[in-house]
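Okay, structure first, notes after.
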Ligand SMILES: Nc1nc2c(ncn2[C@@H]2O[C@H](COP(=O)(O)OP(=O)(O)OP(=O)(O)O)[C@@H](O)[C@H]2O)c(=O)[nH]1
Ligand SMILES: [Mg+2]
């Protein structure tokens, strides 16, 4: 899409999942449209009891580049994103962005993420990272920072995936990346969804890059973070890690088995040719 400035951008959709974000959504949408006027916005609302869906409809009524997906009930942000991805792929978007409604993801960082995704080396996934040099969090209690840092260290160790912030929810997928992974098999509901998606992209042999962002603690509305969400992330990551390590051990065992049998075959061959080279052709027993 060509901008008045003459710059060409790929067709881009920013998906904002919402559950009870009536206070924060209007500002979030306005800031996205101000900072990246070429992008379209899809609000995926899970029938928020606080009336966020009606506010989303008002925003869409004022701006043709804002659309709303009304979903039947609260199913977790993972399901809302998967539905939003299908919507984006059906409509031919080339870049698809995930972004929270609560102000934690700053729209001023969006152009940097998009421009990284648009670079000639075409990364498959660009993550707005808190835990890469230059990235940071603002106003987070120590306990939240500890959960995020420890969680990411655990993910790196369990999965052997070289990503600093695999739980981050401000990211840009290439549409081809979403097509390459089995979206219908994604079951993660909470923020483990982000690890799940990162792991699928990495396991498919696709390239993940990180761009530093400043993540700001929400000042309005309520967090949906819960003990269950952390537990889901922990057990799912552990299961993926165990399967990954079992596959690695399986491959190693197969390679070792192959090497041993090659060695035995080679040894047999050498013994046979040594026998043949003896003056009696190997007919009498060796001394
Ligand atoms: N559609 C939909 N959106 C959700 C659901 N749960 C959370 N969200 C949205 O997902 C985004 C992230 O949720 P937050 O509550 O901010 O969770 P968080 O960012 O992990 O937690 P905090 O850092 O404490 O804010 C927000 O825009 C939420 O409104 C859900 O079940 N359905
Ligand atoms: Mg949040």
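Could you list all residues from the range 98-126 that are touching a helix residue (DSSP H, G or I) at 6+ places or on another chain (Cβ under 7 Å), closer than 17 Å to residue 198 by Cα and outside any loop (DSSP other than H, G, I, E, B)?
Matches in the range 98-126: 98, 125, 126.
Can you find a residue that is within 13 Å of ligand 1 (Cβ to nearest atom) and without any contact (Cβ under 8 Å) to a residue 24 or more places away in the chain anywhere in the range 191-208?
no
Inside the range 157-168, can you point out the residues that are assigned to a helix (DSSP H, G or I) and surrounded by fewer than 20 Cβ atoms within 10 Å (Cβ to Cβ)?
Matches in the range 157-168: 157, 158.
Which numbered condition in (1) part of a loop (DSSP other than H, G, I, E, B); (2) within 14 Å of ligand 1 (Cβ to nearest atom); (3) modelled with pLDDT of 95 or more is the only one that residue 140 fails?
(3) is the only condition that residue 140 fails.
Tell me, which helices (runs of 4 or more DSSP H) wholly within the range 169-277 include 3 or more residues that are surrounded by 11 or more Cβ atoms within 10 Å (Cβ to Cβ) and modelled with pLDDT of 95 or more?
Counting at least 3 such residues, we get 175-180, 192-203.
Pick from the range 148-187 the residues that are away from ligand 2 (no atom under 16 Å from the Cβ) and in contact with a strand residue (DSSP E or B) (Cβ under 7 Å, 6 or more places away or on another chain): which of them is nearest to residue 101 (Cα to Cα)?
172
Among the residues of the range 75-91, write down those that are in contact with a helix residue (DSSP H, G or I) (Cβ under 8 Å, 6 or more places away or on another chain) and either closer than 14 Å to residue 172 by Cβ or away from ligand 2 (no atom under 16 Å from the Cβ) (or both).
Selection gives 81, 82, 85, 86, 88, 89.
Answer yes if at least one residue in the range 118-128 is away from ligand 2 (no atom under 14 Å from the Cβ) and within 23 Å of residue 224 (Cβ to Cβ), and no otherwise.
Looking through the range 118-128, at least one residue is away from ligand 2 (no atom under 14 Å from the Cβ) and within 23 Å of residue 224 (Cβ to Cβ).
Cβ contacts < 6 Å: first residue crowded, with 19+ Cβ neighbours inside 10 Å, restricted to the range 68-81; second residue assigned to a helix (DSSP H, G or I), any location; separation 6+ or different chain. Result?
68/56; 68/57; 68/60; 78/193
Examine the range 147-156 for a residue that is buried (at least 20 other Cβ atoms within 10 Å of the Cβ) and within 12 Å of the chain's Cα centre (by Cα), and state whether such a residue exists.
No - not one qualifying residue is present in the range 147-156.
The values are calculated or read from the model by the stated rules, or taken from the named source; none is laboratory data. Keep in mind it's a predicted model, so treat the numbers as computed, not measured. Every residue, glycine among them, receives a Cβ derived from its backbone with ideal geometry; neighbour counts consider all protein chains shown.
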